[in-house]
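What follows is a set of notes on a single structure, which appears directly below.
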Amino acid sequence: MNPDICRERENATFNTETLTNMLDGSAEKTRRRREIESLVINDPDFQHDDPNFMSRSERYDAAVKKSSQMIMKLRDYGISDPEEIYFYKRTARRTFHEAFGLHYTMFLPTLYSQCTPEQQKKWLPLAENFKALGTYAQTELGHGTHIRKLETTATYDPSTQEFVLNCPTVSSIKWWPGGLGKTSNHAIVLAQLYTLGKCHGLHAFIVPIRCMKTHQPLPGVTVGDIGPKFGFEEVDNGYLKLENVRIPRENMLMKYAQVEPDGSYLKPPSDKLTYGTMVFIRAMIVGESARALSKSCTIAIRYSAVRHQSELRPGEPEPQILDYQAQQYKLFPLLAAAYAFTFVGQYMSDTYHRITGHINQGDFSQLPELHALAAGLKAFTTWTANAGIEVCRMACGGHGYLCCSGLPDIYVTFTPTCTYEGENTVMMLQTARFLVKCYRQAREGQQLSGTVSYLNEQQRLQPQPVSSRPTVVNINDLASLVEAYKLRAAKLVEVAAKSLQGELQRSISQEDAWNNSSIELVRASDAHCHYVVVELFAAKLSEISDTAVHSVLNTLALLYALHGITLNSGDFLQLSQITQRIKALLVEIRPNAVALVDSFDYNDEMLNSVLGRYDGNVYESMFEWAKRSPLNRTEVRSFIIFNIIQKK
Ligand SMILES: CCCCCCCC/C=C\CCCCCC(=O)SCCNC(=O)CCNC(=O)[C@H](O)C(C)(C)COP(=O)(O)OP(=O)(O)OC[C@H]1O[C@@H](n2cnc3c(N)ncnc32)[C@H](O)[C@@H]1OP(=O)(O)O
Ligand SMILES: Cc1cc2nc3c(=O)[nH]c(=O)nc-3n(C[C@H](O)[C@H](O)[C@H](O)COP(=O)(O)OP(=O)(O)OC[C@H]3O[C@@H](n4cnc5c(N)ncnc54)[C@H](O)[C@@H]3O)c2cc1C
């Protein structure tokens, strides 16, 4: 064990196991999670070479094999709890996505949430036993964001009681769905529903695309892989062109909207229920932001504890780079954000399941807030985590740029979360739409609830414009900082609403006024989400009984909130002493940095990083990894070079 990293652990002021248990929910949950992870770690079937040493085709084949192995093994172990399945899978897939990912994350959830009981009776056994292997095909070449303009059509033929599916133009070819190119034999296809000559907008259909026996494409189906990408090399994101493909009427997902045998259309309680799977994934992505950022912090901080470089004081030994204030200022606010997002991810998941429970009982009243919250927090946390992973990579110097550091793979796998499941700017604008509506309701005296109730509070407290009030902050008191973020959010929502109002008074259209206020609208949503994160971090602290853990997390929460003020100082009165306070907090966190990342409890296999190894023996393992590179399998690779040298 590296002596530096041993010393770091000896210097910690809290018990990492206590914090790990808190993050898991209990000591028993930690035990069970580790037990499941060890099933993968000790399984020779999952000991394979680094995918970075493989070609794309080899990586895809290996991913399919791994997905298949996981299915068999989970069955053999009798593991069926969704959270335990997730622990097993994330250990096995390490930093990469799995070939059957979309089947689990979107195909099955769509069947669960949008099929009638009769349709579930038919399709769930097929899908849960992987006879029907599916994906979620919504995006087209011409449209990803603007789904109301998707062009694929599903036209009902009452004479045969079938839907006829077509991609009428090049721009209507389905493009991007994960697992579509080579893996899936079915797809949930989002298409414009036409019946009795009328278009009823976007609806979801189960479409067989490959023969369940031969896996060959079915008649009228052109399908394939879209080619190499920035990352996601294990995933066969694909294209799908449908030409007069006929499916039975019963293949339209009819829990909310129906087409009768005669073609008559029964509309849903809300036309946004078709968008339900997207809200689910957005809500789950918040937790993924926390995991990607916490992994990156674990790697960068452990490496920074064992890396010695440069000279702090003449004549003294080279210090640990973690002792540089600049290095701490890079990494510790990200560590704080990783904890903040861990708590927000738990809150978002709980809120999603609570509200969808009400929706399943027919209460749709909280759907708008769920949509706005999931959209905003997905954008806010992925933007922060995406940038943070890069900071962690660069904080590791040259070695961070090696694939064996784990950081490039974390980055290329995570970065599309800013785009897929709702491009982040578009998502922030969706949240702004909800905030402006709530602001107007508060002005009219309506009582708001949930995460926007502060808009009432600000109206009641002081009638004058929020923006005219000074932001006085007690920088040592988290409650005071929460208030500052609340006031900032209220101020920026008001600024955005007034910008819209001003544009409208210039008698331009609502749509142009909206577009001309987009900068303020995005800033208002960002401020709202930032307040929600700070508020939730503070609320979590009130649940912690262990004084040592409470103290270290309180320090992180203060750092997160104060650092956020310095990043947005224009929205707060730049309090000069904040920087000094931040420096003091960095010093406070320094002895606990490694213990704080240890508490995330990532085993080496899942971290997949020679820099972030638990034992800190980075150089030895880097050298061993490099020697395994395929280029090193022979001493002389290119005889051309050899001949040139000989000719000299
Ligand atoms: C099990 C573990 C899971 C872990 C998962 C994490 C890892 C995942 C790994 C890999 C998976 C990769 C997945 C990627 C898959 C995809 O990308 S699928 C495709 C995703 N595509 C999108 O997200 C499209 C984005 N665009 C839209 O959602 C919509 O076009 C829009 C919301 C931007 C606009 O919709 P539109 O119908 O035009 O509505 P508006 O006119 O803007 O607003 C009208 C009202 O509708 C409300 N609304 C909009 N969307 C929703 C919704 N989803 N739910 C509820 N309500 C919604 C909106 O607020 C408006 O309401 P008001 O009129 O009252 O203001
Ligand atoms: C790795 C990966 C996996 C994917 N998997 C799937 C999948 O499984 N299934 C599926 O259906 N799709 C999938 N997608 C597609 C993904 O959902 C879309 O790419 C995403 O929704 C963004 O849409 P777009 O590509 O049309 O971007 P665009 O909307 O064209 O974005 C381009 C720019 O236009 C801006 N813009 C667009 N509209 C507005 C507006 N109203 N106001 C202001 N600015 C705007 C955006 O902010 C952005 O800056 C995947 C994509 C990726 C990268």
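Close Cβ contacts (under 6 Å, 6 or more residues apart or on different chains) running from residues in the range 421-444 that are within 15 Å of ligand 2 (Cβ to nearest atom) to residues that are polar (S, T, N, Q) and modelled with pLDDT of 95 or more comprise E423/T145; V426/T145; M428/S525; T431/S525; A432/S525.
Within the range 269-312, the set of residues being in a loop (DSSP other than H, G, I, E, B), touching a helix residue (DSSP H, G or I) at 6+ places or on another chain (Cβ under 7 Å) and within 30 Å of Y324 (Cα to Cα) comprises R307, Q309, L312. Is there a residue being of a type in the set (S, T, Y), closer than 30 Å to R56 by Cα, within 16 Å of ligand 2 (Cβ to nearest atom) and touching a Pro at 6+ places or on another chain (Cβ under 6 Å) anywhere in the range 106-124? No, the range 106-124 contains no residue that is of a type in the set (S, T, Y), closer than 30 Å to R56 by Cα, within 16 Å of ligand 2 (Cβ to nearest atom) and touching a Pro at 6+ places or on another chain (Cβ under 6 Å). If you filter the range 507-522 down to residues that are polar (S, T, N, Q) and within 24 Å of L373 (Cα to Cα), you find that the one that is modelled with the lowest pLDDT is N516. For the range 396-451, residues that are over 22 Å from M278 (Cα atoms), assigned to a helix (DSSP H, G or I) and more than 13 Å from ligand 1 (Cβ to nearest atom) total 15. Surrounded by fewer than 21 Cβ atoms within 10 Å (Cβ to Cβ), of a type in the set (G, A, S) and closer than 21 Å to L39 by Cα, is that true of S113? The answer is no for S113. If the condition is being among the small types (G, A, S) and more than 16 Å from ligand 2 (Cβ to nearest atom), then the range 128-153 contributes only A132.
Only one of the numbered conditions (1) within 18 Å of T152 (Cβ to Cβ); (2) surrounded by 14 or more Cβ atoms within 10 Å (Cβ to Cβ) is violated by N185, and that is (1).
D81 falls short on exactly one of the conditions (1) crowded, with 17+ Cβ neighbours inside 10 Å; (2) away from ligand 2 (no atom under 16 Å from the Cβ); (3) of a type outside the set (A, V, I, L, M); (4) over 15 Å from L202 (Cβ atoms), and that condition is (1). Look at the range 165-182: where a residue is over 17 Å from F205 (Cβ atoms) and open to solvent by 50 Å² or more (accessible area, probe 1.4 Å) and a partner is in a loop (DSSP other than H, G, I, E, B) and near ligand 2 (Cβ under 7 Å from one of its atoms), sitting 6+ places away or on another chain with Cβ atoms under 8 Å, you get W175/T139; W176/T139; W176/G144; W176/N237; W176/Y420. For L150, the stated conditions do not hold, so it cannot be described as among the hydrophobic types (A, V, I, L, M, F, W, C), open to solvent by 50 Å² or more (accessible area, probe 1.4 Å) and over 14 Å from T222 (Cα atoms). The residue of the range 496-519 that is farthest from L556 (Cα to Cα), among those that are more than 16 Å from ligand 1 (Cβ to nearest atom), open to solvent by 60 Å² or more (accessible area, probe 1.4 Å) and in a helix (DSSP H, G or I), is Q505. Evaluate the range 96-118: report whether one residue or more is farther than 26 Å from I188 by Cα and of a type in the set (V, I, T). The answer is no; no qualifying residue exists. Considering the range 224-261, the residues that are surrounded by 21 or more Cβ atoms within 10 Å (Cβ to Cβ) and of a type in the set (V, I, T) include one that is farthest from Q161 (Cα to Cα), namely V235.
Yes or no, residue by residue, for (1) within 29 Å of K65 (Cα to Cα); (2) away from ligand 1 (no atom under 13 Å from the Cβ); (3) over 28 Å from the mean Cα position of the chain (by Cα); (4) among the charged types (D, E, K, R):
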site: K149; (1), (2), (3), (4): no, no, no, yes
site: T155; (1), (2), (3), (4): no, yes, yes, no
site: F163; (1), (2), (3), (4): no, yes, yes, no
site: K174; (1), (2), (3), (4): yes, no, no, yes
site: P177; (1), (2), (3), (4): yes, no, no, no
site: K182; (1), (2), (3), (4): yes, yes, no, yes
site: I188; (1), (2), (3), (4): yes, no, no, no
site: Q192; (1), (2), (3), (4): no, no, yes, no
site: L196; (1), (2), (3), (4): no, yes, yes, no
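Scanning the range 262-294 for residues that are within 16 Å of ligand 2 (Cβ to nearest atom) and among the polar types (S, T, N, Q), we see that the one that is surrounded by the most Cβ atoms within 10 Å (Cβ to Cβ) is S289. Residues that are away from ligand 2 (no atom under 16 Å from the Cβ) and not small (G, A, S) within the range 364-386 comprise F364, Q366, L367, P368, E369, L370, L373, L377, T381, T384, listed in sequence order. Count of the range 583-611 residues, restricted to those that are among the hydrophobic types (A, V, I, L, M, F, W, C) and in a loop (DSSP other than H, G, I, E, B), is 3. Per this entry, F46 is not counted among residues that are open to solvent by less than 50 Å² (accessible area, probe 1.4 Å), under 24 Å from the mean Cα position of the chain (by Cα) and not aliphatic (A, V, I, L, M). Quick one: S621 ticks every box in (1) modelled with pLDDT of 95 or more; (2) in contact with a Lys or Arg (Cβ under 7 Å, 6 or more places away or on another chain) bar one, so which box is it? S621 satisfies every listed condition except (1).
Checked against the criterion of being in a helix (DSSP H, G or I), more than 22 Å from the chain's Cα centre (by Cα) and not hydrophobic (A, V, I, L, M, F, W, C), the range 333-347 has no qualifying residue.
The values are calculated or read from the model by the stated rules, or taken from the named source; none is laboratory data. Just so you know, these numbers come straight off a predicted model, no measurement behind them. All Cβ positions, glycine included, derive from the backbone under ideal geometry; neighbour counts span all protein chains shown. Please note that ligands, DNA and RNA were not included when accessible areas were found on the heavy atoms of the full protein model with its side chains. Shrake-Rupley method; radii C 1.70, N 1.55, O 1.52, S 1.80 Å.
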